[in-house]
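Comments concern the structure below.
Since every read-out is calculated from the coordinates, none of them should be taken as a lab result. None of the values given here were measured: they were computed from a predicted structure. Cβ atoms come from the backbone with ideal geometry, glycine included; neighbour counts cover every protein chain shown.
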Amino acid sequence: MTSHSLMIAGIAVLAAGTFLMRVAGYRLGSRLNFSPATQTMLSDSATTLLLAVAATSALFEGQHFAGYARLIGVGAALFLAWRKAPLIVIIIAAAAVTALMRWLGIH
């Protein structure tokens, strides 16, 4: 199997698995009754997982530290998100701060 074929097969398997998980969640969601504590835990675990992925992406590029410029840009985005700025403002400001830091020589 060539590299392209293997990659396409992997994408197809992941797409099918994602689709089946979504269908199962839709079908089982109305049949399962969770306690309020379990519902809170499931909601918090999804948030924690997304935060972990975001932190990993913000701090690392591959297996190496992404640099202080990206860290400062993410910090600016977090500050603006905390201040409830519009999403487009947060994205543009984070990119601008990161670009400015790199232009100043902070990598």
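Taking the square roots of 5 times each eigenvalue of the Cα gyration tensor of the chain, largest first, gives ellipsoid semi-axes of 34, 25, 12 Å. Multiplying the residue separation of Leu28 and Leu100 by 0.36 nm and removing their Cα-Cα distance gives an extension gain of 21.0 nm.
Using the average count of surrounding beta-carbon atoms within 10 Å as a protection proxy, the listed peptides 97-106, 22-31 rank, highest first, as 97-106, 22-31.
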